[in-house]
Structure formats: C-alpha cells, structure tokens
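Undergrad: The structure under discussion is supplied below as structure tokens; questions concerning it will follow.
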Amino acid sequence: MIVSPSVLSCDFGNIQRDTLMLHHSTADWLHIDVMDGVFVPNISFGFPVLQAIRKHTDKILDVHLMIANPDAYIEDFQKSGADILTVHYEACTHLHRTISRIKELGMKAGVALNPHTPIEVLSEVANLLDLVLIMSVNPGFGGQKFIAAATDKVSRLKTLRTNLKASFIIEVDGGVNLETGAQLASAGADALVAGSFVFGAPDPVATIAALKSL
Ligand code: DX5
Ligand code: ZN
C-alpha cells in the first residue's frame with residue numbers, strides 16, 4: 001500500500017519537525033491539501049508552505065488542489081516542488097487540456113472525484129491519467145467521517161481501469177483509518193491518504209507503518 005499522510009493535520013507551528021518525521025517514516029508520499037475558500041468552504045495554505053515542506057524532504061509531494069481555476073497555477077505548483085498534481089474534475093471545464101499541461105511540465109497528473117461524481121466521467125481521459133483520487137469525504141476539512149459508498153466506488157473504478165487498459169493509481173482520501181483502510185485495500189485501492197488518523201495517533205510513525213501493511 002502506498003501511504004500518503006496529509007500534512008493538513010500536522011502542527012503548523014512545527015512544520016519542519018513534522019515534515020522531518022514523515023521524511024524519516026515509511027510514508028511513501030506527503031499529501032498536501034491546497035484549499036482556496038472558493039471551491040471548498042475552507043482555506044489551507046499555498047506556495048510558500050509547499051516550498052517550505054519541499055526544503056525538508058525529497059519524498060514525492062502529492063499535491064491535492066481544492067481550488068477553482070487550477071489552470072492558472074499549474075506552473076507555480078511545479079516550481080514550488082509538486083511531483084503529483086491532482087485537480088478536481090468538478091473544477092475543470094477543459095480537463096483534457098489541464099491534464100496535458102500538468103504532464104508537459106513533468107509532473108504526474110491526477111484527477112479527484114467528489115463523492116457525488118460518477119467514475120464514468122473519466123472514461124475519455126483515463127489513459128492519460130497517472131492517478132485518480134476518490135474522495136471518501138466532501139473535501140474541505142480533515143477529521144470527517146468516512147463515506148462508506150467510496151469502497152464500492154473503488155472496486156468499480158478498478159474494473160473500469162482494467163476494461164479501458166489504463167494504469168492510473170487509485171488513491172482514496174478522507175476518513176481513512178485501519179478499519180476503513182482495510183476495506184479500501186480489499187476493494188483495490190493502491191494508495192491511502194490519512195491526516196487526523198496519523199497525526200492524532202500517539203505514535204504517528206507506527207501508525208504509518210500499520211497503514212502500509214494493509
Ligand atoms: C479533505 C482533504 C484530506 C484531509 C484528510 O478535504 O482532502 O486530504 O486532510 O483528512 P482525514 O484523514 O483526517 O480525513
Ligand atoms: Zn486531500
């Protein structure tokens with residue numbers, strides 16, 4: 001299992017310390033949640049914070065954009081150190097163009113789907129994608145309850161991937177813990193994001209290792 005702890009739940013007063021903790025853990029990626037207060041009803045952080053994290057780790061930065069008009073900022077995210085750039089299907093009018101631009105700039109391209117968005121909307125671009133992010137909460141906040149329908153969505157996405165001969169990674173984000181993570185693993189998830197479960201644990205490093213073993 002690929003594990004991508006979400007920095008959104010870290011202690012922002014100690015972002016260097018928490019980044020280094022993740023860097024020295026068995027986490028594969030660091031998940032970076034960018035929110036603009038327009039696409040989602042919350043504001044998190046932007047380029048300076050991403051650049052600060054980049055300074056302290058060479059692990060893959062898995063950047064999840066919950067912003068309107070992501071096209072305007074693709075290059076800025078690349079310059080700030082993003083390795084994977086995931087945009088929301090619901091925020092992109094010209095999704096094919098957005099995905100192409102992300103890849104042209106040398107990043108891996110991901111598309112996130114809100115809980116209400118059917119997987120079939122990705123059929124025509126599936127072969128261009130490096131990652132599909134299934135939201136198992138409505139985006140905007142850490143610490144929300146897992147939406148159980150995400151599990152079946154993951155298994156249907158896995159079937160769609162096989163049928164289309166696509167090769168994207170299936171990542172799931174929101175309410176992930178050892179119990180929901182185990183269900184997602186058997187449904188076919190390749191990568192799990194976990195924020196509050198990791199940072200709220202007495203031993204985050206051991207919690208990351210436990211998620212990795214799912
Ligand atoms: C939610 C964010 C998530 C969030 C997950 O909008 O996209 O990445 O950090 O937090 P938990 O794991 O606490 O649900
Ligand atoms: Zn996220």
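Undergrad: Which residue out of 93, 26, 57 is among the β-branched types (Val, Ile, Thr), in contact with a His (Cβ under 6 Å, 6 or more places away or on another chain) and either modelled with pLDDT of 95 or more or within 21 Å of residue 174 (Cα to Cα) (or both)?
TA: Just a single option satisfies the conditions, and that option is 57.
Undergrad: Kindly provide the set of residues from the stretch 1-51 that are in contact (Cβ under 8 Å) with a residue 24 or more places away in the chain and of a type in the set (Val, Ile, Thr), ordered by number.
TA: The answer is 2, 3, 7, 15, 19, 26, 32, 34, 38, 40, 49.
Undergrad: Continuing with the same structure: Just to verify a result, which residue in the stretch 127-156, among those that are closer than 22 Å to residue 7 by Cβ and of a type in the set (S, T, N, Q), is nearest to ligand 1 (Cβ to nearest atom)?
TA: 144
Undergrad: Among 82, 72, which is touching a residue at least 40 places away in the same chain (Cβ under 8 Å) and either within 16 Å of ligand 2 (Cβ to nearest atom) or farther than 20 Å from residue 18 by Cβ (or both)?
TA: 82
Undergrad: Among the residues of the stretch 168-177, count how many are without any contact (Cβ under 8 Å) to a residue 40 or more places away in the chain, closer than 19 Å to residue 108 by Cβ and assigned to a loop (DSSP other than H, G, I, E, B).
TA: Selection size over the stretch 168-177: 0.
Undergrad: Then there's this: Across the stretch 21-52, which residue is surrounded by the fewest Cβ atoms within 10 Å (Cβ to Cβ) among those that are aliphatic (A, V, I, L, M) and closer than 16 Å to residue 207 by Cα?
TA: Ranking the qualifying residues of the stretch 21-52, first place goes to 21.
Undergrad: Further question on the same structure: Out of the residues in the stretch 173-205 that are more than 16 Å from ligand 2 (Cβ to nearest atom) and among the charged types (D, E, K, R), which is farthest from residue 25 (Cα to Cα)?
TA: 179
Undergrad: Right, another one. Among the residues of the stretch 61-98, how many are farther than 21 Å from residue 117 by Cα, acidic (Asp, Glu) and over 17 Å from the mean Cα position of the chain (by Cα)?
TA: 2
Undergrad: Would you confirm, using the coordinates I've provided, whether residue 168 is of a type in the set (Phe, Trp, Tyr) and either within 16 Å of ligand 1 (Cβ to nearest atom) or touching a Ser or Thr at 6+ places or on another chain (Cβ under 9 Å) (or both)?
TA: Judged against the criteria, residue 168 is not a match.
Undergrad: Related question: Provide a single number: the residues in the stretch 117-146 that are touching a helix residue (DSSP H, G or I) at 6+ places or on another chain (Cβ under 9 Å) and surrounded by fewer than 15 Cβ atoms within 10 Å (Cβ to Cβ).
TA: 6
Undergrad: Which one of 188, 140, 181 is within 26 Å of residue 126 (Cα to Cα) and touching a Lys or Arg at 6+ places or on another chain (Cβ under 9 Å)?
TA: 188
Undergrad: Of all residues being without any contact (Cβ under 8 Å) to a residue 40 or more places away in the chain and among the charged types (D, E, K, R) in the stretch 125-152, which is farthest from ligand 2 (Cβ to nearest atom)? Just the residue, please.
TA: By that ranking, first place goes to 152.
Undergrad: Name the single residue, out of those in the stretch 26-45 being within 12 Å of ligand 2 (Cβ to nearest atom) and not in a loop (DSSP other than H, G, I, E, B), that is farthest from residue 62 (Cα to Cα).
TA: Out of the qualifying residues, it is 35.
The values are calculated or read from the model by the stated rules, or taken from the named source; none is laboratory data. Computed from a prediction, not measured in an experiment: that's the story for all the values here. Using ideal geometry, Cβ is built from the backbone for each residue, glycine included, and neighbour counts are taken over all protein chains shown.
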